[in-house]
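**Q** Could you have a look at this structure, given as structure tokens, before my questions?
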Amino acid sequence: MTKINITLPDNSVKQFPKGITSLEIAGTISEGLARNVLAAKVNNEVQDATLPINTDATLQLLTWNDEEGKATMWHSSAHLMAEAIELLYPGVKFGIGPDIENGFYYDIDFMDYSISSDDFEKIEQKMLELAREKQTFKRREVSKAEALEYFTRKNDEYKVELINELEDGHISFYESGYFTDLCRGPHLPDTNPIKAVKLLNIAGAYWRGDISRKQLTRIYGITFPKQKELNDYLELLEEAKKRDHRKLGKELELFTFSQRVGQGLPLWLPKGAILRDKLEQFLKRVQHKAGYEQVISPHIGHVDLYKTSGHYDKYGEDSFKPIKTPVPDEEFFLKPMNCPHHCEIYRSKPRSYKDLPIRLAEFGTVYRYEQSGELHGLTRVRGFTQDDAHIFCRPNQVKDEFKGVMDIVMRIFKALDFENFTVQISLRDPENPQKYLGTSENWEKAEQAIIEVAEERGLKNTVIKYGEAAFYGPKMDFMVKDALGRSWQLGTIQVDYNLPERFDLEYTGSDDEKHRPVMIHRAPFGSMERFVAVLIEHCAGRFPLWLAPEQVIILPISEKYQEYAEKVLEFLNNSDIRAQIDDRNEKTGKKIRDAELSKISYMVIVGEKEESSQTLSVRKHGFGDMGTFGIQDFIDLLTDEIDNAMNQ
């Protein structure tokens, strides 16, 4: 019998018969491992653990402890939910049902059925009933004709549309229990690992994201191998609701939205404007030390600018509608990106190799049309401000500039207590090179530079994602986990050889010849709106002192001490401490409770004792009574806390 060599993660090599499955290999290691295998990574590609391996290969057995293992279970759970729904609501039609970061969803046309969250419990019970049957997931390759015949007979036009776009010879079905679906996989060996089920939400979703198509019903859910894990997750969701930036943003008076202004266009209230300004000033100081120069560009640009940059062809008129002028054939667009404007700033005068690198920074507001159903607080808006900068450098400066940007990102994360993050290197999809602008040679240089920088910096938790690059260049994204363990993409750095070519950017080299600069795009915050949303939820609205819109609230215990409170306020304000007086006719206990709810960092209580001794009774949010301080001692306490945070 022909043998094949299987290399395991510990680099040991074992021989097995050709055609053995990953699940069978797991069984040779231990029965317990075999019970826990959800999928397998063969030659770095995730596939069914039940598929035969016919050649020498590397093998990683995936369990619930692996992200790909979770994703496989949730993908299979989407099929399980679809099966349950089809049994409960015969004749429904199905769109797509992928796994997502936490769970899965399926888009469903319920036809004449009425469905709501009240129906979730019976769907969950049916899913658990089917899961206990240990239904196997069987993959079957089918011809395009067979696939079309099956779903045409089933009267499911959504699947027929998808199949018509597929290439014959690359189509597969998955069958489990009473359900058959068009799917590439991978899937679980069977439904046995699915022990706990919760359907979370119901929403509308236009078919294929097209507002002109029918709106389907999207049902979100999640599953776990143990009920306790589901219970823990639901507790986490409850905590997330308390930290929801939309809820806290309203309670803390940071931002608001107005239908008259327009959906997805946030209005920053005075306290939110202070928070945002402090973030901007912090980054501006860091950038100034790193040699950046601030620029300002307009909110609109001529259509020719975006045709030159490639944004017009890439995104088309649907993303940002043209602004017509009285002049025939003159069109402008709301600015979707700052980079084309910065290219024109670079072009404004001749550049020498001695001038490079040139680092242009701007807090530039951009506009992109998002469908109303996709808008979500500050995390998904139509107008947002990017902490954008573009570095124009010589090819031999790329790696050093990249490292410099990484230092800025790390500085921000440290100041704001983002300690848990993953670095994602996003490269081209090698199977679809036509999706990207520029030559393969330039792409290879840019991709190699990013990979080398990550290696030289010894970055841990680095992952490479193919097909996630921007259309003009590869990038490095910083995926930050917040206090609840949720992952957010915050900082981003992108290498670009293409825009300098499209804008014909040049510099004169030491050889007196013209050369093309390399462009680096970077945004450590990403967008101010999204960053603030993540920050609010990460710290539950309890901002570090240097960033807090209100740092101190002064609480006079009666009107008799108003004058002393105003004296304290003057001292604090003169020391650049943001303070206010709560002079409401309320009891001190209520004022303290209200200050705690408003998450104000420090409370200063003043009465007869404090006035006579020229001292302050101090309380700290979340800590309680800190005792008595002299006014200057208290100011020193605050300034030391701010300085320590800013100079870590």
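**Q** Given the criteria out of contact with any helix residue (DSSP H, G or I) (no Cβ under 6 Å at 6 or more places or on another chain), farther than 28 Å from Glu45 by Cβ, surrounded by fewer than 20 Cβ atoms within 10 Å (Cβ to Cβ) and at pLDDT 85 or above, does Asp388 qualify?
**A** Criteria not met by Asp388.
**Q** Same structure, new question: Can you give me the ranges of the strands (runs of 3 or more DSSP E) entirely in segment 347-453 with at least 2 residues that are in contact (Cβ under 8 Å) with a residue 60 or more places away in the chain and touching an Asp or Glu at 6+ places or on another chain (Cβ under 7 Å)?
**A** 358-367, 383-393
**Q** Of (1) closer than 21 Å to Ile450 by Cβ; (2) in contact (Cβ under 8 Å) with a residue 60 or more places away in the chain; (3) touching a Leu at 6+ places or on another chain (Cβ under 8 Å); (4) hydrophobic (A, V, I, L, M, F, W, C), Val495 satisfies all except one. Which?
**A** Result: Val495 fails condition (3) only.
**Q** So, one more: Show me the strands (runs of 3 or more DSSP E) entirely contained within segment 1-98 in which 1 or more residues are touching a helix residue (DSSP H, G or I) at 6+ places or on another chain (Cβ under 8 Å) and under 22 Å from Thr191 (Cα atoms).
**A** Where strands (runs of 3 or more DSSP E) fall fully within segment 1-98 and carry at least 1 residues being touching a helix residue (DSSP H, G or I) at 6+ places or on another chain (Cβ under 8 Å) and under 22 Å from Thr191 (Cα atoms), they are 39-42, 45-47, 57-62.
**Q** Looking at Lys591, is it touching a residue at least 60 places away in the same chain (Cβ under 8 Å), more than 18 Å from Phe629 (Cα to Cα) and surrounded by 15 or more Cβ atoms within 10 Å (Cβ to Cβ)?
**A** Answer is no for this residue.
**Q** Turning to a different aspect of this structure: If you check Leu490, Leu437, which single one turns out to be modelled with pLDDT under 80, among the hydrophobic types (A, V, I, L, M, F, W, C) and buried (at least 19 other Cβ atoms within 10 Å of the Cβ)?
**A** On inspection, the qualifying residue turns out to be Leu437.
**Q** If you check Leu569, Leu535, Leu545, which single one turns out to be out of contact with any helix residue (DSSP H, G or I) (no Cβ under 9 Å at 6 or more places or on another chain), under 27 Å from Gly249 (Cβ atoms) and of a type outside the set (Phe, Trp, Tyr)?
**A** Answer to the selection: Leu569.
**Q** Hey, another quick one. Pairs only if they're at least six apart or on different chains, beta carbon under 6 angstrom, first in segment 194-213 and in contact (Cβ under 8 Å) with a residue 12 or more places away in the chain and surrounded by 17 or more Cβ atoms within 10 Å (Cβ to Cβ), second in a strand (DSSP E or B) and of a type in the set (Lys, Arg); list them, first residue then second.
**A** These pairs meet every condition: Ala205/Arg218.
**Q** Return the residue satisfying two criteria in turn: it lies in segment 482-532 and is of a type in the set (Phe, Trp, Tyr) and within 30 Å of the chain's Cα centre (by Cα), and of such residues it is farthest from Val409 (Cα to Cα).
**A** Step by step, filter segment 482-532, then rank; the result is Tyr497.
**Q** If Glu559 passes every condition in (1) assigned by TED's automatic domain parsing to the domain that holds Glu362; (2) more than 29 Å from Leu269 (Cα to Cα); (3) surrounded by fewer than 23 Cβ atoms within 10 Å (Cβ to Cβ) but one, which one does it miss?
**A** (1)
**Q** Considering only segment 125-152, state which residues are more than 26 Å from Thr191 (Cβ to Cβ) and of a type outside the set (A, V, I, L, M, F, W, C).
**A** Ser143, Lys144, Glu149, Thr152, listed by residue number.
**Q** Sticking with this structure for a sec: Looking at Val327, Val366, can you tell me which residue is within 22 Å of the chain's Cα centre (by Cα) and assigned by TED's automatic domain parsing to the domain that holds Val534?
**A** Of Val327, Val366, the one residue that is within 22 Å of the chain's Cα centre (by Cα) and assigned by TED's automatic domain parsing to the domain that holds Val534 is Val366.
**Q** Applying the selection to segment 454-478, what residues are touching a Phe, Trp or Tyr at 6+ places or on another chain (Cβ under 6 Å) and either free of Cβ contacts under 8 Å to residues at least 40 places away in the same chain or over 18 Å from Glu401 (Cα atoms) (or both)?
**A** Phe471
**Q** Here is a further query. Scanning segment 36-46 for residues that are farther than 18 Å from Ser77 by Cβ and more than 26 Å from the chain's Cα centre (by Cα), which turns out surrounded by the fewest Cβ atoms within 10 Å (Cβ to Cβ)?
**A** Per the stated criteria, the residue is Asn43.
**Q** Return the only residue of Leu459, Leu378, Leu427, Leu356 being touching a His at 6+ places or on another chain (Cβ under 8 Å), of a type in the set (A, V, I, L, M) and in the same structural domain as Asn498 (by TED's automatic domain parsing).
**A** After applying the criteria, what remains is Leu378.
**Q** List every residue pair whose Cβ atoms sit under 7 Å apart, with the two residues 6 or more apart in sequence or on different chains, where the first one lies in segment 268-281 and is in the same structural domain as Leu416 (by TED's automatic domain parsing) and surrounded by 18 or more Cβ atoms within 10 Å (Cβ to Cβ) and the second, anywhere, is of a type in the set (A, V, I, L, M) and in a helix (DSSP H, G or I).
**A** Going by the 7 Å Cβ cut-off, the qualifying pairs are Leu275/Val532; Arg276/Met528; Arg276/Val532; Leu279/Met528.
The values are calculated or read from the model by the stated rules, or taken from the named source; none is laboratory data. As the structure is a prediction and not an experimental result, all values here were calculated from the model. Because the Cβ atoms are built from the backbone with ideal geometry, glycine has one as well, and the counts that use them run over all protein chains shown.
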